[in-house]
Amino acid sequence: MKRPGRQRGLYTVEFAIVAGVFFLLLFGAFEIARFFWVFETLTEVTRRGARVAAVCPVNHADIARVAMLSSPGGADTSPVLNNLSVANIAVAYMDNSGAATASYPDIELVRVSVENYSHTLLIPFIPADVATIRMPPVATTLPTERLGFIPDLNVRQCYGV
């Protein structure tokens, strides 16, 4: 016959095992949700950047800042996403065939993409080099509008920036 005192601490050990698995799954669910939020935010960055680039003069300095949800003339880093800077945002101007062009009359499309962006997971006890995920490139292409040119005034200005 077993005495009740011999199993003292068994519940503590069982709780430690179950709690460890539970919290790992809980943090994993949070990180999956965060990953998709970051991916959707990068998609919004490219959409917003392409919209601004379609109406602003070619290679305007504030296109990348406005795209990454910052203010015109503001900081070169995003206030929303860690590690996102103007260096991650590429703006390309293309003709109808999709070939890159620098000639103003030939520009028909504008593509804004986020490249070389890494997302860091926040799961405790995992080293940062293991918890870093390189996000796939995200891009949005839109047809150009006026590229900042106002025919009546014969000047160029950027709407929304």
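The values are calculated or read from the model by the stated rules, or taken from the named source; none is laboratory data. Model, not experiment: these values are computed from the prediction. Because the Cβ atoms are built from the backbone with ideal geometry, glycine has one as well, and the counts that use them run over all protein chains shown. For accessibility, only protein heavy atoms count, side chains too; no ligands or nucleic acids. Shrake-Rupley method; radii C 1.70, N 1.55, O 1.52, S 1.80 Å.
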**Pairs where the first residue, in segment 111-130, is closer than 13 Å to Val38 by Cα and the second is open to solvent by 80 Å² or more (accessible area, probe 1.4 Å) and of a type in the set (Gly, Ala, Ser), C-beta under 7 Å, 6+ apart** = none
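For segment 140-149, does any single residue satisfy the condition of being in a loop (DSSP other than H, G, I, E, B) and among the basic types (Lys, Arg)? Show your work before the answer.
Within segment 140-149, the subset in a loop (DSSP other than H, G, I, E, B) is 144-148.
Filter again for among the basic types (Lys, Arg), leaving 146.
So far as segment 140-149 goes, yes, one or more of its residues are in a loop (DSSP other than H, G, I, E, B) and among the basic types (Lys, Arg).
For segment 82-122, what are the residues that are within 23 Å of Glu40 (Cβ to Cβ), in a loop (DSSP other than H, G, I, E, B), of a type in the set (A, V, I, L, M, F, W, C) and open to solvent by 30 Å² or more (accessible area, probe 1.4 Å)?
Here is the first cut: in segment 82-122, the ones within 23 Å of Glu40 (Cβ to Cβ) are 82-92, 110-122.
Imposing the further condition that a residue be in a loop (DSSP other than H, G, I, E, B) reduces the set to 82-84, 115-117, 121-122.
The next check asks that each one be of a type in the set (A, V, I, L, M, F, W, C); those that pass are 84, 121-122.
Matches in segment 82-122: Leu121, Leu122.
Open to solvent by 50 Å² or more (accessible area, probe 1.4 Å) and not in a loop (DSSP other than H, G, I, E, B): does that describe Arg65? Spell out how you get there, then give the answer.
Numbers: open to solvent by 50 Å² or more (accessible area, probe 1.4 Å): no; not in a loop (DSSP other than H, G, I, E, B): yes.
Here the answer is no, as Arg65 does not meet what is asked.
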**Request:** List the number of the failed condition for Phe27; all other conditions in (1) over 23 Å from Arg134 (Cβ atoms); (2) of a type outside the set (A, V, I, L, M); (3) open to solvent by 50 Å² or more (accessible area, probe 1.4 Å); (4) over 18 Å from the mean Cα position of the chain (by Cα) hold.
**Result:** (1)
**Message:** Just to be sure before I move on: is Glu14 surrounded by 12 or more Cβ atoms within 10 Å (Cβ to Cβ) and either out of contact with any helix residue (DSSP H, G or I) (no Cβ under 7 Å at 6 or more places or on another chain) or without any contact (Cβ under 8 Å) to a residue 40 or more places away in the chain (or both) in the structure I sent?
**Reply:** no
**Request:** Can you run down the residue pairs with Cβ atoms below 6 Å, 6 or more apart or on separate chains, where the first is in segment 90-107 and free of Cβ contacts under 8 Å to residues at least 60 places away in the same chain and the partner is in a helix (DSSP H, G or I)?
**Result:** Val91/Ala53; Val91/Ile63; Asp95/Asp106
**Asked** Out of all the residues in segment 52-59, is one or more over 23 Å from Ile107 (Cα atoms), open to solvent by 30 Å² or more (accessible area, probe 1.4 Å), out of contact with any helix residue (DSSP H, G or I) (no Cβ under 6 Å at 6 or more places or on another chain) and not charged (D, E, K, R)?
**Response** no
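Working carefully through the options Thr46, Thr41, Thr77, find the one that is surrounded by 13 or more Cβ atoms within 10 Å (Cβ to Cβ), of a type in the set (S, T, N, Q) and within 18 Å of Cys158 (Cα to Cα). Before the answer, list the steps.
On the way: Thr41 fails: within 18 Å of Cys158 (Cα to Cα); Thr77 fails: within 18 Å of Cys158 (Cα to Cα).
Being surrounded by 13 or more Cβ atoms within 10 Å (Cβ to Cβ), of a type in the set (S, T, N, Q) and within 18 Å of Cys158 (Cα to Cα) holds for just one of Thr46, Thr41, Thr77, which is Thr46.
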**Prompt:** Does Tyr117 qualify as being in contact with a Lys or Arg (Cβ under 9 Å, 6 or more places away or on another chain), within 22 Å of Thr141 (Cβ to Cβ) and not β-branched (Val, Ile, Thr)?
**Reply:** yes
